[in-house]
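Report on one structure; see the data block that follows.
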Amino acid sequence: MDVLFNNERDEADDYYAILGCDELSNKEQIQAEYRVRALQYHPDKNLDDPEAMDRFKQLQEAKEVLCNDVQRKAYDYWRNSHITVPWKKWQSINERSQP
């Protein structure tokens, strides 16, 4: 059990930070921040950066989760739980346990 609570979380799991917003941001604010960053990090504008595609995918994923009410509620619950299981793994476990 200690492993669940005593490890550091991965920065890639902080969707609010990826989008440059916080938990109080509404969907319109999240989408606006996404558009700004999507233009900045789009792989076509960063041809010399091999990590551009990964950053862009993270950005898209963050927007999709935070703009979906059900997923955002689950994400916020996970985020505030202080459990260090990565978000995607926790989400997968949570989905399998649903009837």
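Below, the figures for the structure above:
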quantity	calculated
Of Q29, Q91, P50, farthest towards positive along the dipole that unit charges on Lys, Arg, Asp, Glu beta carbons give region 15-96	Q91
Within the chain: Cβ-based charge dipole about Cα centre, in debye rounded to nearest 20 (Lys, Arg +1; Asp, Glu -1)	360 debye
Net lengthening on full extension, K27/T84 (0.36 nm per residue, minus Cα-Cα)	17.9 nm
Rounded percent of accessible protein surface that carbon and sulfur make up, region 15-96, 1.4 Å probe	50 percent
Extension gain, Q40 back to R96 (0.36 nm per residue minus Cα-Cα distance, nm)	16.5 nm
Phi-based couplings in Hz for region 12-19 (Karplus 6.51, -1.76, 1.60; Gly and Pro marked x)	5, 8, 8, 5, 5, 5, 4, 8
Projected label distance in nm at C67 and A52, using a 7 Å step from Cα toward the beta-carbon	2.2 nm
Computed [θ] at 222 nm, deg cm²/dmol, the chain (DSSP H ≥ 4; -39,500 (n - 2.57); rounded to nearest 500)	-19000 deg cm²/dmol
With eigenvalues of the C-alpha gyration tensor scaled by 5 and rooted, the chain, Å	26, 17, 12
Solvent exposure of the chain as accessible area per residue, Å², 1.4 Å probe	71 Å²
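The values are calculated or read from the model by the stated rules, or taken from the named source; none is laboratory data. Fair warning: this is a prediction, and the values are worked out from it, not measured in the lab. When we count neighbours, we look across all protein chains shown, and the Cβ atoms used for this are built from the backbone with ideal geometry, even at glycine. Just the protein is used for accessible areas: all its heavy atoms, side chains included, with ligands, DNA and RNA removed. Shrake-Rupley method; radii C 1.70, N 1.55, O 1.52, S 1.80 Å.
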